[in-house]
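In what follows, a structure is listed as structure tokens, so that the remarks can point back to it.
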Amino acid sequence: MSSDVRFTDFKSDKQPTWCPGCGDFGTMNGMMKALANTGNSPDNTFVVAGIGCSGKIGTYMHSYALHGVHGRALPLAAGVKMANPDLEVMAAGGDGDGYSIGVGHFIHAVRRNVDMTYVVMDNRIYGLTKGQASPTSREDFETSTTPEGPKQPPVNPLALALSAGATFIAQSFSSDAMRHTEIVQEAVEHDGFGFVNVFSPCVTFNDVDTYDYFRDELVDVGETDHDPTDIENAQDVILDPEKEYQGVLYRNEQAQAYGAQHGLDDNMAEIPDGAPEDAMDLVREFY
Amino acid sequence: MPADFNWAVGGEAGDGIDSTGKIFAQALSRAGRHVFTSKDFASRIRGGYTAYKIRTSVGQVRSVVDRLDLLIALTPRTIEENRDELHDGSVIIYDGERTSMQDAPIPDSMVGLDVPLKRLAEEAGGAIMRNVVALGAACAVTEFPIENLDSALEKRFGAKGQKLVENNKEAARKGQSYVTDTYDHDFEYALETTDNDYVLLNGDEAIGMGAIAAGCRFYAGYPITPATNVMEYLTGRIEQYGGHVVQAEDELSAINMALGAARAGARAMTATSGPGIDLMAESFGLVATTETPLVIANIMRSGPSTGMPTKQEQGDLNAMLYGGHGEIPRFVVAPTSIDECFWKTVEAFNLAEQYQLPVYLTADLSMAVTERTFEPDAFDMDAVEIDRGKLVDEEGLAEWQNEKGQFQPHAVTDDGISPRTLPGTADGAHMTTGLEHDELGRRTEDTEMRVTQVDKRERKVETAKEREAWEAREFGDADADTLVVSWGSNEGAIVEAMELLAEEGIDVRFISVPYIFPRPDLGDAIDDAEDVLVVECNSTGQFADLIERDALARVDRINKYNGVRFKADELAAEIEQAVSSPQEVPQ
């Protein structure tokens, strides 16, 4: 769309400290490309990041950004978007941030359907604290805090989102650069809460959910007759116990986004330099 | 007959006590009388004792007293609960046809008025109006012109149709004439009316109205007694000014939504009570470290834990001053009356933006949910001033960019205050983080930059201490030997207690403190006084501790923590006792 914004404009001059080979590099590149491809610029973009390796993304991207506390990226991002609907808002975090400490917010952010994008960099491990089980770790995945595995089933974030009334559910793989970019771009373009779970492998602490694993196992719904507007189709792929999928799995274009439902179109930063003109009416109400 | 008249309606939660009381309070206000209300209520939807009390006078009323002149009792327990406040000649209106009230325990020295409330209400169109029948009966007892009640009924029921209004007026008249026709008694109460026009509002409403006046456009909150009224006030009103109220999934979310909106440039707030303050403590440091302006209203109730959710306490002072890990610059502002709730809210928004930090605005249950009358110009909107602090636009940016053209949201300045630019501003893109950061807002663990940024944030507080007045409110005789110091909502009860003490020949100087941090220096006042009494609604004397530390002197304490606010007459007695027999204070 925009001719003069390139995706590299979204890159800061700070060098990432992610481990060489980390999936987050690819995840971030796709996000930057998706933003540039949709005509956004660093000046109208607000990135909110959580805590964890993924949370560093606000530093490596160039835009307006806020790096919050653990698990609260979604309410922060919702507040930004509600206060200034002109901004393009993107929240990013990890599987711990989004599906463990922040899972309550995830459910309600899905329900609320604020027009924003949520990218979860899912590596199925706690990397920054050096290798503990995450909510998406496999049942038998051995870590320093779960020597015999968590012995509980992993969270299925796609199913959580679907059951909470999501209007856009997608999954991508950071290493499949073109598809990942396309998918995030569709989430940005979606008028509502665009949720993308991105497989973003941890090369240091996770030797199970590896690049090879996803490359071999992921089924791209774009290459099947999957209809993302059909909720039963979506259920089938999201609840499939055998296979994992990438692509836009579910989309509901009928639902209104939060801002439209609540008539939010003003930039709330703009206020008069005194009380509103008719403010004495508020006092008179108390007669 | 004393200048003030004390009236109450009581029954079970769910009996419509609150709206009945509010209607009578409005009728009194319409009649040009001053009103001060209070509530006894339990944290239940139905069941349990609840009462709405009104103290009214032609002159100002700022407090409740331990005296009840007229009681509408819907249950026997209402009489039991108020036995100590009732006196010889008090009037009790009750419905003797109600099974539970057949043997109503009316003390012999009092005047029991058996009025068939339910039967008369049914005659007027429905049993639900029995409380309004009682209000009509109260008009008869007090010789109060019933037209004032009519206008309050119109305000309450007008939106539901004229038929309902007429039925209620009829119900009130049935109560009035029943008393006049049945009881040939001079009740000795005559509520005088005046031509004055007053507004009647509570502290939560004053805070909400102050927020709109101050340009607050975003409110996120989670329902909690007694702060919910702020949210309910704003809902439906803030939208008319382009704002929005969002009910978050919890307080963790509420403060973060408000923080997000504030980063986007909106004047944003949240309001909660103790349990919510605990949760919000998680993100409180983030607000301060990112130097984001935010107003957090804490409407205190009795703690700790779930405590007594519908009871009065001022127990969160330490939590607001010290809550959160690490060292967090913050201001704590504590309005001392309902009209001050409005003005201090406006000020809190200005302070937050001028100094780019979180501001606690604190009131307590007794001030938040009870109403008082004021002249309308106590809320003069033309006097509201908005100062957005060091906000820079596209043109102003250049001065604050580094050699690479990057905007520095945490630029180091002499006064500690950095420039602020809002998302959407060209060439202003920047990040910030709860991690320690450099001037660009990027993470750092550099030892020098750490010290520089901590000092910079602390310097804002020093700047504020110098620039702002942080004035206390003074009452009474400045040369009096006895100095009473208090904070928050106790002001009204203390001012009235001083009037009672003056009648006994006891002069008192009273300093009412609306700023907890930064706060006024009371050192000279404490040095000059013989006795210093610090009055507050908590058990340990959290404010007294601060005063002692500031002044390096010992003070006496008057504490109340049974869940009920101070009353003027009880406080006068306590001050008198403290002055005549000073407590032994270890030196």
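Of note:
- Cα centroid of segment B:63-89 to Cα centroid of segment B:229-251, whole Å: 37 Å
- Part-to-part distance (alpha-carbon centres) for segment A:231-261 and segment B:487-538, which is given in Å: 63 Å
- Over chain A, relative contact order from alpha-carbon pairs under 8 Å, at least 6 apart, %: 18 percent
- Whole-Hz Karplus values for segment B:131-136 come out as 5, 6, 4, 5, 5, x Hz, taken residue by residue from phi with 6.51 cos²θ - 1.76 cosθ + 1.60 and θ = phi - 60°; glycine and proline positions read x.
- Mean separation of Cα pairs under 8 Å and 6 or more residues apart, divided by the residue count, gives chain B a relative contact order of 12 percent.
- Label-point separation, A:D86 to B:Q240 (7 Å along Cα→Cβ), nm: 2.7 nm
- Within the protein assembly as shown, the percentage of alpha carbon pairs spaced more than 46 angstrom apart rounds to 36%.
- Fewest-first ordering of B:S253, B:S302 by other beta carbons within 10 Å of each residue's beta carbon gives B:S302, B:S253.
- Prolate/oblate/rounded call for segment B:395-467, Cα gyration tensor, a/c under 1.5 rounded: oblate
- Nearest 10 degrees, 0 to 90: helix B:17-30 Cα axis against chain B principal axis: 90 degrees
- Antiparallel DSSP beta bridges within segment B:214-315, as percent of all bridges there, nearest 5: 10 percent
- Shape parameters for chain A, alpha-carbon atoms, Rg then Dmax in Å: 19.8, 72
- Helix axis angle, B:542-551 relative to chain B longest principal axis, alpha carbon, degrees: 50 degrees
- Compared with the dominant Cα axis of chain A, that is its longest principal axis, helix A:73-83 is turned about 30°.
- Note on B:243-249: average number of Cβ atoms from other chains within 10 Å of each residue's Cβ is 6.
- Counting Lys and Arg as +1 and Asp and Glu as -1 over every other residue whose Cβ lies under 13 Å from the Cβ of B:G428, the net charge comes to -4.
- Amide H contacts of B:Y515 (H built 1.01 Å from N, in plane; Pro and chain starts excluded): B:A334 sit under 5 Å, all sequence-distant by 5 or more or on other chains.
- Coil-residue chymotrypsin sites (Phe, Trp or Tyr not before Pro) of segment A:87-143, DSSP, other Cβ within 10 Å capped at 14: none
- Legend: distances between Cα atoms for B:K22/B:K174; B:K155/B:K311; B:K53/B:K155; A:K56/B:K460; A:K11/B:K465; A:K81/B:K22; pairs beyond 31 Å are A:K11/B:K465; A:K81/B:K22.
- Residue-wise HN-Hα coupling along segment B:241-251, computed from phi with Karplus coefficients 6.51, -1.76, 1.60 (Hz; x: Gly, Pro): 10, x, x, 8, 10, 10, 8, 7, 6, 5, 6
- Largest GNM mean-square fluctuation across A:G192, A:G263, A:G55, computed for chain A with C-alpha springs under 10 Å, falls on A:G263.
- Considering only segment B:473-580, percent of DSSP beta bridges that pair antiparallel, nearest 5: 20 percent
- For segment A:111-149 versus segment B:394-415, the inter-centroid distance based on Cα atoms is 38 Å.
- Spin-label proximity, A:E142 to segment A:192-236 - amide N less than 13 Å from point 7 Å beyond Cα toward beta carbon: A:207-208
- Only helices enter the 222 nm calculation for the protein assembly as shown: every DSSP H run of n ≥ 4 contributes -39,500 (n - 2.57), and dividing by all residues gives -10000 deg cm²/dmol, rounded to 500.
- Set of segment B:72-101 residues, backbone N closer than 15 Å to the point 7 Å along the Cα-Cβ line of B:D108: B:88-89
- GluC sites (Glu not before Pro) within segment B:56-165: DSSP coil, no more than 14 neighbouring Cβ in 10 Å: B:E97, B:E143
- Counting neighbouring beta carbons within 10 Å and listing from fewest to most, the residues B:T362, A:T143 come out as A:T143, B:T362.
- Ranked B:V412, B:V392, criterion: other C-beta atoms within 10 Å, fewest first: B:V412, B:V392
Read-outs: derived from the displayed coordinates by stated rules, not from any lab. Small disclaimer: the values here were computed from a predicted structure and weren't measured. Glycine also receives a Cβ, built like all others from the backbone with ideal geometry; neighbour counts cover every protein chain displayed.
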